[in-house]
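Encoded as structure tokens, the structure appears first; notes follow it.
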Ligand code: FES
């Protein structure tokens, strides 16, 4: 049986701040998904760290299939 993750087929609309160091969870196990909470240390994987130059409203990928991680590229759609 596959291990349960927080991946879902719907992006998260988020208002992100400029200059803040974000860590996007790629393992899907963070309780704070799609933000990393360090669970990857036990589960495997590595977060994507990113910072914005200006405040921005973005769509964060939550299916894990985007080729533009951490951003949604529409890959969740069938
Ligand atoms: S907890 Fe998933 S990448 Fe850090």
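Every number here is computed from the coordinates shown, using simple stated rules; none is lab data. Owing to the predicted nature of the structure, the values given are computational and were not obtained by experimental measurement. Reconstructed Cβ throughout: ideal geometry from the backbone, glycine too, with neighbour counts over all protein chains shown.
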* To do: Would you mind calculating the relative contact order of the chain from Cα pairs under 8 angstrom and at least 6 residues apart, reporting the percent as a whole number?
  => 35 percent
* **Order by protection proxy (mean Cβ within 10 Å, highest first), peptides 42-52, 23-33** => 23-33, 42-52
* Within the stretch 56-78, whose backbone N sits under 17 Å from a point 7 Å along Cα→Cβ of residue 35? -> 56-62, 70-71
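Test of understanding: express the Cα radius of gyration of the stretch 9-78 as a ratio to 2.2 N^0.38 Å, with N the residue count. Walk me through the numbers before you get to the answer.
Working: Rg = 11.8 Å, N = 70, 2.2 N^0.38 = 11.1 Å.
Expressed relative to 2.2 N^0.38 Å, the Cα Rg reads 1.07.
Quick one: if the Förster radius is 30 Å, what FRET efficiency do residue 67 and residue 16 give, using the C-beta to C-beta distance and rounding to 0.05? The partial results should precede the final answer.
Details: r = 20 Å, r/R0 = 0.67.
The value I calculate is 0.90.
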